[in-house]
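Below is one structure, written out as structure tokens; the observations come after it.
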Amino acid sequence: MKQFDFVAIGDVVVDAFIRLEDAHVTCRVDSTACELCMKYGSKVPFEYAKIVAGVGNSANAAVSASRLGLSAALVAPTGDDLNGQLCIDTLAADGVDTTFINKQSGIPTNYHYVLWYGDERTILIKHEKYSYSLPDFGNPKFIYLSSLGEDASHLHGEIVEYLKTHPESKLAFQPGTFQIKMGVEALRDLYIHTEIFVCNLEEAQIITGLDTRDVRALSEKIASYGPKVVLVTDGSKGAYSFDGTNLFFMPPYPDPSVPFERTGAGDAFASTFVSFLALGMSPEEALKRAPINSMSVVQKVGAQEGLLTRDQLERYLADAPAEYVSKKL
């Protein structure tokens, strides 16, 4: 069996980006909650649309790892249709091994609509009802688990058993919408076997049930569930890494221009951090590199176009300003 460095597990989708022009955003005075508003019951013009295939949290991570020089594969179901084959062909062209992508007849490939306004996006999602199973993919350095459909709840237990019988492999867990909805108790064994846990600050609040923006408190709570390293991202404000004792802050890498579109920034950060651990770097060195891929991704449309090769990323790091350093808090 081929030896993989990085095996990502999670749904693969086609994203249809719709660039809106006749819309506005309304934010509540007493919170950060904002709403995308359009005229109801009328024809709303849009600027253009763009189809991006072979994406999704785990697919994005696999492409990121492949471009950084790792041997990467994706475990995912897809429809036995043109969109499914388009996803497979797109991933294969980026060096991702597609052996473990399972085509399922009679079910369409996941297709999401991305309403893109300004530099942010609102995604209309629908996870198709696939059958999920865990193949034998050997002993990768990292198994990267992210967004799965609601019908895949049993797969989490299978992953735990796989980790028990393959102790050489470590788990990186970036929970998706339904995994967060399941709650910590339902995924208790998975959290215990997690090496790297990644979420954004708002997700950390939901996961922990803590009504605070204190990143140390949130990180300590998540670490108490089992993960050895906790990463919490906070959008354009930066990101944090907690190893059970020490909390580090990493500022964002300076954008060369105004962000174009933010889809996939979190995936780029998480997968880049894990990829450099798989390449043998320390968490501190990996943390320096993760924001660079996020910076690059938001300069392009979609989650993968801006992902960098290792040489490209290292050049950005060499040219980083003096203030681009991690800080122990």
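The values are calculated or read from the model by the stated rules, or taken from the named source; none is laboratory data. Just so it is clear, the model here is predicted, and its values are computed rather than measured. Here Cβ is always computed from backbone atoms with ideal geometry, including for glycine, and neighbour counts include all displayed protein chains. Side chains included, ligands, DNA and RNA excluded: accessible areas come from the protein's heavy atoms. Shrake-Rupley method; radii C 1.70, N 1.55, O 1.52, S 1.80 Å.
In region 239-278, the qualifying residues are those that are open to solvent by less than 10 Å² (accessible area, probe 1.4 Å) and closer than 18 Å to P321 by Cα, and the one that is farthest from the chain's Cα centre (by Cα) is M250.
Being surrounded by fewer than 20 Cβ atoms within 10 Å (Cβ to Cβ) and among the aliphatic types (A, V, I, L, M) is the filter here; which residues of region 279-299 pass it? Within region 279-299, L279, M281 qualify. When only residues in region 1-13 that are outside any loop (DSSP other than H, G, I, E, B) and at pLDDT 95 or above count, which is surrounded by the most Cβ atoms within 10 Å (Cβ to Cβ)? Among residues in region 1-13 that are outside any loop (DSSP other than H, G, I, E, B) and at pLDDT 95 or above, the one surrounded by the most Cβ atoms within 10 Å (Cβ to Cβ) is A8.
With the requirement that a residue be closer than 19 Å to I143 by Cα, of a type in the set (D, E) and either in contact with a helix residue (DSSP H, G or I) (Cβ under 8 Å, 6 or more places away or on another chain) or touching a residue at least 24 places away in the same chain (Cβ under 8 Å) (or both), what does region 161-218 give you? The answer is E168, D189, E195. Just checking, does region 64-75 include any residue being open to solvent by 50 Å² or more (accessible area, probe 1.4 Å) and out of contact with any strand residue (DSSP E or B) (no Cβ under 8 Å at 6 or more places or on another chain)? The answer is yes, given that some residue of region 64-75 is open to solvent by 50 Å² or more (accessible area, probe 1.4 Å) and out of contact with any strand residue (DSSP E or B) (no Cβ under 8 Å at 6 or more places or on another chain). Comparison of A65, A76, A61, A92 shows that the only residue that is free of Cβ contacts under 8 Å to residues at least 12 places away in the same chain and small (G, A, S) is A92.
Selection of strands (runs of 3 or more DSSP E) fully inside region 227-329 by the criterion of at least 3 residues being among the aliphatic types (A, V, I, L, M) and modelled with pLDDT of 95 or more returns 229-233.
A single entry from I196, I123, I143 fulfils the requirement of being in contact with a Ser or Thr (Cβ under 6 Å, 6 or more places away or on another chain), in a strand (DSSP E or B) and either β-branched (V, I, T) or open to solvent by 80 Å² or more (accessible area, probe 1.4 Å) (or both): I143. On the stretch given as region 199-236, residues that are surrounded by 17 or more Cβ atoms within 10 Å (Cβ to Cβ), among the charged types (D, E, K, R) and under 17 Å from L187 (Cα atoms) total 2. Scanning region 21-32 for residues that are outside any strand (DSSP E or B) and either farther than 20 Å from L115 by Cα or modelled with pLDDT of 75 or more (or both) gives E21, D22, A23, R28, V29, D30, S31.
Here A152 fulfils each of the conditions (1) closer than 25 Å to S275 by Cβ; (2) open to solvent by 60 Å² or more (accessible area, probe 1.4 Å); (3) assigned to a helix (DSSP H, G or I) apart from (2).
Inside region 160-181, can you point out the residues that are within 18 Å of the chain's Cα centre (by Cα) and open to solvent by less than 70 Å² (accessible area, probe 1.4 Å)? Listed by number, the residues that qualify are L171, A172, F173, Q174, P175, G176, F178, Q179, I180.
Check F197, F178 and return the single one that is at pLDDT below 95, touching a Gly at 6+ places or on another chain (Cβ under 9 Å) and under 19 Å from S58 (Cβ atoms).
Answer to the selection: F178.
On inspection, E168 passes the criterion of being in a loop (DSSP other than H, G, I, E, B), out of contact with any Leu (no Cβ under 9 Å at 6 or more places or on another chain) and of a type outside the set (A, V, I, L, M, F, W, C). Total residues in region 76-107 satisfying the condition of being part of a helix (DSSP H, G or I) and open to solvent by 10 Å² or more (accessible area, probe 1.4 Å): the figure is 9.
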